[in-house]
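S.K.: Sharing a structure with you now.
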Amino acid sequence: MEAHWRGRGYTVPNAAVYPHQWLWDSCFHAVIWAHLGRPERAVAELRSALAHQHDDGFVPHMTYWEHPDMHAAFWGRPTTSTITQPPMYGHAIAELARRGVEVDSSLVRQAVAGLAFLVGPRRGDRELVPIVHPWESGCDDSPRWDRWAGSERSAQRWYERKGELVESLDLSPSGSALANPSFEVEAAGFNALVAFNAMELAAVGFHDQLPFAVEPLIDALDRRWDPLLATWLDDRDATPAPRTLEALLPVLVTGSIERVAAVMTELRDPDAFGGRCGPAQVHRGEPSFEPRAYWRGPAWPQLTYLFWVAAARHGRRDDAAWLARALRSGAERSGWAEYWDPDDGTGLGAVPQSWSALAAAVAPS
Ligand code: GLC
């Protein structure tokens with residue numbers, strides 16, 4: 001973490017592969033810095049992640065601090081992207097508050113405005129908030145998005161397709177992504193994180209500041225539970241997407257103890273998502289499951305961490321201890337990688353990657 005810290009007040013995910021600032025990574029970094037006893041870095045990291053927030057509340061998912069023109073032609077403007085990522089800043093602020101760190105009111109206002117943008121202008125008159133680009137999910141190459149890939153999906157073709165899906169974004173005059181005629185998904189995982197981050201702010205005393213009610217989002221998610229597949233669906237009327245881990249994130253906000261139990265069983269079942277180094281990102285019964293391919297089967301530390309949070313909040317001590325052990329074991333075996341083989345912890349992607357230090361944030365089992 002020290003080697004990845006940059007003086008402008010953020011942590012790079014990896015110095016060579018990811019030398020810029022990413023929104024949800026930075027929120028997880030803030031949690032890590034708080035646990036490592038560096039609250040001033042946690043606060044600085046949140047401040048820099050929210051530094052280019054638009055007046056309408058939209059928060060860009062990337063900031064190219066050192067090279068503002070690097071992808072200016074791609075995004076149509078310098079310095080930041082025009083899409084967002086899961087709004088984990090609510091959880092990060094709550095974690096700081098729980099640790100007794102003074103979080104100033106301007107940061108809280110920014111977090112509230114970020115969530116209000118999503119639930120307001122981005123959602124429009126829908127039940128749930130659409131993501132308008134696969135990158136907004138944080139789970140870029142998840143098999144959930146395969147139906148947008150065309151019949152000849154390959155990693156290269158999908159990479160190009162993601163570029164085309166940036167071109168088709170509908171932007172507000174200030175450059176906030178509002179819609180996308182070619183990709184709009186009321187993703188269960190993303191919406192779970194919107195609701196969870198709002199609940200986190202409410203839980204630490206900022207309830208009065210939220211200009212929207214969270215319950216309708218949770219109710220809408222609850223209506224999308226499929227008991228046979230044991231997953232939440234993005235769209236009740238479409239053919240279900242392959243079962244992927246991020247679609248189980250509504251476990252963070254559901255009030256149903258039966259669903260919590262069903263999710264925990266799936267997470268630990270070695271024929272479903274279970275792996276000794278953390279839940280696999282794709283259900284092992286899916287044809288798309290590949291334990292070492294980017295977003296198509298490996299364990300991801302930030303997702304394992306979120307399920308650990310869910311287990312702990314629901315009082316599932318044994319599941320929380322199992323998830324904590326898996327996360328620590330995967331982080332150590334992988335050399336603190338971006339993601340890893342869920343069974344043997346072989347490090348994959350960028351190594352080392354900052355968010356693997358979430359292993360330090362889970363209580364010893
Ligand atoms: C990859 C991941 C994304 C993450 C970024 C930086 O693009 O898919 O979720 O934010 O790397 O770590």
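Read-outs: derived from the displayed coordinates by stated rules, not from any lab. Just so it is clear, the structure is predicted and the values come from calculations on it, not from any experiment. When we count neighbours, we look across all protein chains shown, and the Cβ atoms used for this are built from the backbone with ideal geometry, even at glycine.
S.K.: Pop a pseudo-label 7 angstrom from the Cα along the beta-carbon direction at both Arg126 and Glu164 and give the gap in nm to one decimal.
M.R.: Taking the two extended label points, one gets 2.1 nm.
S.K.: Right, here's the next one. Multiply the residue separation of Ser105 and Glu2 by 0.36 nm, subtract the distance between their alpha-carbon atoms, and state the gained length in nm to one decimal.
M.R.: So the chain would gain 34.3 nm between Ser105 and Glu2.
S.K.: Compute the distance in nm between two label points, each set 7 Å from the Cα along the Cα-to-Cβ direction, one at Arg313 and one at Asp237.
M.R.: So the label points at Arg313 and Asp237 sit 3.0 nm apart.
S.K.: Sort 204-211, 332-339 by the packing proxy (mean of other Cβ within 10 Å over each peptide's residues), most packed first.
M.R.: 332-339, 204-211
S.K.: Another question, then. May I ask for the net charge around Ala238, where only other residues with Cβ less than 14 Å from the Cβ of Ala238 are counted and Lys, Arg are +1 while Asp, Glu are -1?
M.R.: -3
S.K.: Kirkwood hydrodynamic radius of region 31-164 from all distinct Cα pairs, in Å?
M.R.: 16.7
S.K.: Let me ask something additional. Highest first, please rank the peptides 52-63, 171-182 by the mean number of other Cβ atoms sitting within 10 Å of their residues.
M.R.: Listed from highest to lowest mean packing, they are 52-63, 171-182.
S.K.: Modelled label-to-label distance, Glu66 and Asp222, 7 Å Cα→beta-carbon offset: nm?
M.R.: 4.8
S.K.: So, R0 is 56 Å and r is the distance between the beta-carbons of Asp269 and Phe74; what FRET efficiency does that work out to, to 0.05?
M.R.: Efficiency at R0 = 56 Å is approximately 0.85.
S.K.: Then there's this: Ranking request for peptides 133-140, 151-158, 242-249, 119-126: highest mean number of other beta-carbon atoms within 10 Å first, then the rest in descending order.
M.R.: Highest-to-lowest ranking by the protection proxy: 242-249, 133-140, 119-126, 151-158.
S.K.: With r defined as the distance between the Cβ atoms of His207 and Ser151 and R0 fixed at 45 Å, what FRET efficiency is calculated, to the nearest 0.05?
M.R.: 0.40
S.K.: Distance between the C-alpha centers of region 218-279 and region 338-356? Whole Å please.
M.R.: 23
S.K.: Related question: Determine the distance separating the Cα centre of region 96-144 from the Cα centre of region 303-331; give it in Å without decimals.
M.R.: 23
S.K.: Whole-Hz Karplus ³J(HN,Hα) for region 193-210, in order, using 6.51 cos²θ - 1.76 cosθ + 1.60 and θ = phi - 60°, x for Gly and Pro?
M.R.: Working through the residues one at a time gives 6, 4, 5, 4, 5, 5, 5, 5, 5, 5, 5, 9, x, 9, 3, 5, 7, 6 Hz.
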